[in-house]
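Heads up, the thing below is written out as structure tokens.
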Amino acid sequence: MMKTRIKPENIIKHFITITEHKLEVMRGCFKVGLYKQGLLHDLSKYSPEEFIVGARYYQGNRSPNNAEREETGYSSAWLHHKGRNKHHYEYWIDYNSNAHYSEDLIIPVKMPLRYVIEMLMDRIAASKIYNKDHYTDDLPLKYLMRGYFDIPMHEETKRFLYGLLRMLSEYGEEKTFNYIKHRLLKKGTRAY
């Protein structure tokens, strides 16, 4: 199977898109006090394993990983990315060594609070970048709800993320971020 050719202009466009996304996540993380995570967010997207694929399948209005999946049947960039970035729930999927049935073999693990918050910032940023001027605070929640019942995410993590996205949808970014910073991420808080 012949892979899509990389258009030179897409190298620059992809770089701009991932950098805008990274900066948007960084802004959100900084607002709630997650400075290190804001700085380190998605650095693997600049690695050759992810960047070349992103430039090859760049479209500007959705993740290049989906286009790679459509052409090859899987996304090598996504497999690389999710294994290196703890803010993706897929990072937190493990095997159940006590499973007796195949449906119990794969188990989602509850994510630490700081990575759920980074995942929230990631979802907000992606919605802003891909929807540009059409972004509203309810879009990240709508995106989650499209596959909510099928997402292999730990149930507590899923409910918690849903609650934060619902708060964002109803009360906006400022109130949601203040709640996260002053209630959830108070010194010593690690659970939800």
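Within 10 Å of each candidate Cβ there may be at most 11 other Cβ atoms; applying that plus a DSSP loop requirement, which trypsin sites (Lys or Arg not before Pro) in region 1-47 survive? Before the final figure, lay out the partial values.
Working: sites: LYS3, ARG5, LYS13, LYS22, ARG27, LYS31, LYS36, LYS45; in loops: LYS3, ARG5.
Taking region 1-47 and a limit of 11 other Cβ atoms within 10 Å, the loop trypsin sites (Lys or Arg not before Pro) found are LYS3, ARG5.
Per 10 Å bin from zero, what fraction in whole % of the C-alpha pairs of region 1-92 is there, up to the bin with the longest pair?
Over region 1-92, the share of Cα pairs per 10 Å bin runs 17, 46, 30, 7, 1 percent.
If we count other beta carbons within 10 Å of each Cβ, what is the order of ASP104, ASP137, fewest first?
Placing the least packed residue first, the sequence is ASP104, ASP137.
Under a no-solvent Debye model with one identical scatterer per Cα of region 8-184, what's log10 I(q)/I(0) at q = 0.12, 0.18, 0.19 Å⁻¹?
-0.59, -1.30, -1.41
For Cα pairs less than 8 Å apart in space and 6+ apart in sequence, what is the mean separation divided by the residue count of region 6-150, i.e. the relative contact order in percent?
23 percent
Please go through region 69-151 and write out the chymotrypsin sites (Phe, Trp or Tyr not before Pro) that DSSP classes as loop and that have at most 13 other C-beta atoms within 10 Å.
Values: sites: TYR74, TRP78, TYR89, TYR91, TRP92, TYR95, TYR101, TYR115, TYR130, TYR135, TYR143, TYR148, PHE149; in loops: TYR74, TYR101, TYR135.
Answer in residue order: TYR74, TYR101.
Roughly how far apart, in whole Å, are the Cα centres of region 74-116 and region 117-181?
When both Cα centres are located, 19 Å separates them.
Bear in mind that the values in this text are calculations on the coordinates, not laboratory data. For clarity, every value in this text was computed on a predicted model and none was experimentally measured. Note that we place each Cβ from the backbone using ideal geometry, even for glycine, and neighbour counts take in every protein chain shown.
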